[in-house]
Amino acid sequence: MPDITAERIELVHGEGGARSRELIERMLVAAFDNPELNRLEDQARIELAGLMSQGDRLAFTTDSYVVEPVEFPGGNIGTLAVNGTLNDLAVGGARPRFLSCGLILEEGLELALLQRVINSMAEAARDAGVAIVTGDTKVVPRGKADQLFINTSGIGVIPTNVDLSAAHCQPGDVILINGFMGDHGAAILQARGELALEANVYTDCQSLHTLVSAMLAVCPDIHAMRDATRGGVATVLSEFAQASSVGICLQESELPVRPQVRGMCEILGLEPLYLANEGKLVAVVPRQSASRVLEAMQRHPAGQHAAIIGQVTAELPGKVQLANAFGSSRLLEPLAGEQLPRIC
Amino acid sequence: MRFVDEFRDPALASTVLERIRQLVESPALRNRETIRVMEVCGGHTHTIFRYGLDQLLPDRLELIHGPGCPVCVLPREYIDTAITIARKPDVILASFGDLLRVPGTHMSLQQARAEGADIRTLYSPLDALQLARQYPDKIVVFLAIGFETTMPATALTLLQAEAEQLHNFRMLTRHISIIPTLKSLLDDPTLAVDGFIGPGHVSMVIGTHPYHFIAEHYRKPLVVSGFEPLDILQSLLMVLAQLATDRARIENQYARVVHNAGNRQAQVAIGSVFESCSRSTWRGLGAITQSGVVLKPRFAEFDAERAFGCEASGEGVDDSVEGSCCGEVLKGKLQPQDCPLFAVQCTPANPVGALMVSSEGACAACYQYRKGAH
């Protein structure tokens, strides 16, 4: 553990002088530790040859993380900031390679908390086999941010034969999910403590790129894939339906939801289909490959509870329908307005 | 999940549906062109759309969505008053989430918050007391609305504030009573309804006795119902059984929650804090005698309207929105999709009328679960 003399972040930590350098070297470089970062140039320098051997396109994405509370059951803002951006690369079929880390810290932030977040980022990156190679740290006066905000950008390489797109869904395709819906949204709700509800719910935050690789290995022509973060599974499927001008029909009885999450939703009048996830992807797969992909998912630790939840239809293009056990159905609209504030 | 799945059992539902079909086709009812049953409560409306129950019923059995969504009947001037108060210095306005998007005359509370007003979302009125304790230098104003369902919680919160002498706590109340509202509907000569599905949560508080005039005076059956799909199907069956035998009674399908005498403690709490006021105006419904309640004089110091000098007139405010049919939909004269603004100008993301805001509003429920399916 680095020896941090002050216990809290001060404005001087962001002013670029000796205290900034001390924070960066002792906490960030020590935790993220890789050759590209350790040189401490103004930019990371990445060999092109190593990237070109893995595919023919770069994937590049960015995301900012402002979750409140910063720590929650099963993770913290740091785990989200790494896995969230990795997953945005992964669902494009890319193999994630490098991340950046931009920190906006509020004056007065406890260094011990920052250390926990940075350690989580380092651990998540190490587990995923990616390097955090560049970054930036700013400090804003107390009250101008809420503890800390993180921005991460990511670079990955897309293998030559992979072409996933929300616009590629076709009638007859099958919809798969890699496990229980809504765990992250429910965990955040619980962590806020405003509802006086106690349930054993943990965030599902996890990186998905090895799962995606396993799926692409058995079916290179998966049509579409997205991680179902804010807005949940229903919102992602709405995007697919609109981008591909197809209908999507889900079977309510097939949707995987943990009993404790369902219980919370029943009490609060929420829908698991709209709750945020941080380790769930929805895939649209040609019918003839569906069982093969499902088996590959279920063999992977991030897909043990994978399930087929519906199919793509030619009816009601642009719309998502949920068929229930009574024999009637309803439409699932994309989320309008906020269901929960600041969940990722 | 126990106590949930039993009431969503598809096999039981199809049995009840079959009996409903048989009754609708029975000699007593088959000559009626349509049988119109109003579900009074927005919670029932939500269940009906969520489970697509209306799609499963015989065509001649028509469900009319009633006025029992408290957010939907709030007069626009209430939102305006709340915004006026929220903009004053050192005020924290505390509200349930669904009120935030209700359009006022010029803006919603959500827009006022974006402009800098301190408006917090709560899950319990007791959280408002916590805010008042936490910020003794601010005035905390709680927006208290709803039918008898929420009156006891408002009353107990106020009694607690009084006991703790929380002098920086206020309430902006606009509670509405169900019985005068129903009576006003029944007195409307254009309302063609054969029977009612009665509200469950309101009845948990007031019991079933207050409805008896509906059976005795107006000769309409009313069945107090739970909120699960099987509850509603069974209640419909009970209404039809009465119609088929030409009876009009008050029955209680939701006996697992609703006692015929209601909840005495809740009634006492309401009675100790509120008194009825002579006349109140509701969005879409107009002025209804004895439908509102006000704080008793003993609680005057907690009354936000008095404290901030913005007492509403309660009458004569034009709540209509040009081109919209909120009132007709509220009274069940039109279905949501019959309104020319429905899903065109008026959507949940950008509501013109309050019926498009709350998930219990007929328009929001219809939009959420049905838009584009026709």
With a/c under 1.5 counting as rounded, go ahead and sort chain A into rounded, prolate or oblate using the C-alpha gyration tensor (a ≥ b ≥ c being the square roots of the eigenvalues; past the cut-off, prolate if a/b is larger than b/c, else oblate). oblate
What shape does the stretch B:211-336 take by its C-alpha gyration tensor, where a ≥ b ≥ c are the square roots of the eigenvalues and a/c under 1.5 counts as rounded, a/b above b/c as prolate, and the rest as oblate? oblate
With a 4.7 Å Cβ cut-off, tell me which Cys residues in chain B come up empty for a partner. B:41, B:277, B:310, B:326, B:346, B:363, B:366
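One quarter of the convex hull surface, Cα atoms only: what value does that give for the stretch A:11-158 in nm²? Present the calculation step by step, with values, prior to reporting the outcome.
Working: hull surface 34.4 nm².
Across all orientations, the stretch A:11-158 yields a mean hull projection of 8.6 nm².
Give the percent of DSSP beta bridges with both residues in the protein assembly as shown that are antiparallel, rounded to the nearest 5.
Within the protein assembly as shown, antiparallel bridges account for around 50 percent of the total.
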Per-q log10 I(q)/I(0), the protein assembly as shown, q = 0.05, 0.06, 0.09 Å⁻¹ (Debye; single scatterer per alpha-carbon; no solvent): -0.29, -0.42, -0.90
Dipole magnitude of the protein assembly as shown, debye to nearest 20 (Cβ charges: Lys/Arg +1, Asp/Glu -1, about Cα centre): 1100 debye
Per-residue HN-Hα couplings for the stretch B:94-110, Karplus 6.51 cos²θ - 1.76 cosθ + 1.60 at θ = phi - 60°, whole Hz, x for Gly and Pro? 10, 8, 5, x, 6, 6, 5, 9, 5, x, x, 5, 10, 7, 9, 4, 4
Against the longest alpha carbon principal axis of chain B, how many degrees, from 0 to 90 and to the nearest 10, is the axis of helix B:76-86 turned? 30 degrees
Work out from phi, with θ = phi - 60° and the Karplus expression 6.51 cos²θ - 1.76 cosθ + 1.60, the ³J(HN,Hα) of each residue of the stretch B:29-39, listed in order in whole Hz, and give x for Gly and Pro. 10, 6, 8, 6, 5, 9, 10, 10, 10, 9, 8
Report the one residue of A:245, A:288, A:275 whose Cα lies farthest in the direction of the positive end of the charge dipole of the stretch A:166-330 (charges on C-beta: Lys and Arg +1, Asp and Glu -1; origin at the Cα centre). A:288
Search the structure for amide H atoms under 5 Å from the amide H of residue B:303, placed 1.01 Å from N in the peptide plane, and list their residues when 5 or more places away or on another chain. B:171
Got a sec? How would B:275, A:47, B:148, A:271 order by Cβ neighbour count within 10 Å, fewest to most? A:47, B:275, A:271, B:148
If the limit is 22 Å between Cα atoms, which of B:183/B:296; B:183/B:220; A:319/B:333; B:88/B:296; B:296/B:331 go over it? B:183/B:296; A:319/B:333; B:88/B:296; B:296/B:331
Calculate for chain B the 222 nm mean residue ellipticity that helices alone would give, adding -39,500 (n - 2.57) per DSSP H run of length 4 or more and normalising by residue count, nearest 500 deg cm²/dmol. -10000 deg cm²/dmol
Between beta-carbons, use under 12 Å as the cut-off and find the net charge around residue B:69, counting Lys and Arg +1, Asp and Glu -1. -2
Could you give me the ³J(HN,Hα) list for the stretch B:270-275, computed from phi with Karplus coefficients 6.51, -1.76, 1.60 and θ = phi - 60°, whole Hz, x at Gly and Pro? 4, x, 7, 10, 10, 9
Quick query: amide H of residue B:102 versus all other amide H atoms, modeled in the peptide plane; which residues come in under 5 Å with a sequence gap of 5 or more or a different chain? B:109
Using amide H atoms built 1.01 Å from N in the peptide plane, name the residues 5+ places from residue A:109, or on other chains, whose amide H lies under 5 Å from its own. A:9
Put +1 on the Cβ of each Lys and Arg and -1 on the Cβ of each Asp and Glu in the stretch B:36-178; which of B:141, B:117, B:166 then has its Cα farthest toward the positive end of the dipole? B:117
Peptides A:209-218, B:83-92 ordered by average Cβ neighbours within 10 Å, highest first: A:209-218, B:83-92
Dipole magnitude of chain B about its Cα centre, charges +1 at Lys/Arg Cβ and -1 at Asp/Glu Cβ only, in debye to the nearest 20? 340 debye
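How much of the DSSP bridge set in the stretch A:11-158 is antiparallel, in percent, rounded to the nearest 5?
The answer is about 70 percent antiparallel.
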For a quick check: sort A:53, B:95, B:278, B:272 by the number of other beta carbons within 10 angstrom, fewest at the front. A:53, B:278, B:272, B:95
Which semi-axis lengths, in whole Å and largest first, follow from the square roots of five times the eigenvalues of the Cα gyration tensor of chain B? 36, 23, 19
How would the stretch A:166-330 be classified by its alpha-carbon gyration tensor: rounded, prolate or oblate, with rounded meaning a/c under 1.5 and the a/b versus b/c comparison settling the rest? oblate
Suppose every K and R has +1 on its Cβ and every D and E has -1 on its Cβ; what is the size of the dipole of the stretch A:166-330 about the Cα centre, in Debye to the nearest 20? 160 debye
What fraction of the DSSP beta bridges in chain B is antiparallel, stated in percent and rounded to the nearest 5? 20 percent
Going from the fewest other Cβ atoms within 10 Å to the most, one would list B:208, B:34, A:85 as B:34, B:208, A:85
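Every read-out reported here was derived from the displayed coordinates using simple, explicitly stated rules and does not represent laboratory data. Just so you know, these numbers come straight off a predicted model, no measurement behind them. Please note: Cβ atoms are built from the backbone with ideal geometry, for glycine as well, and neighbour counts cover all protein chains shown.
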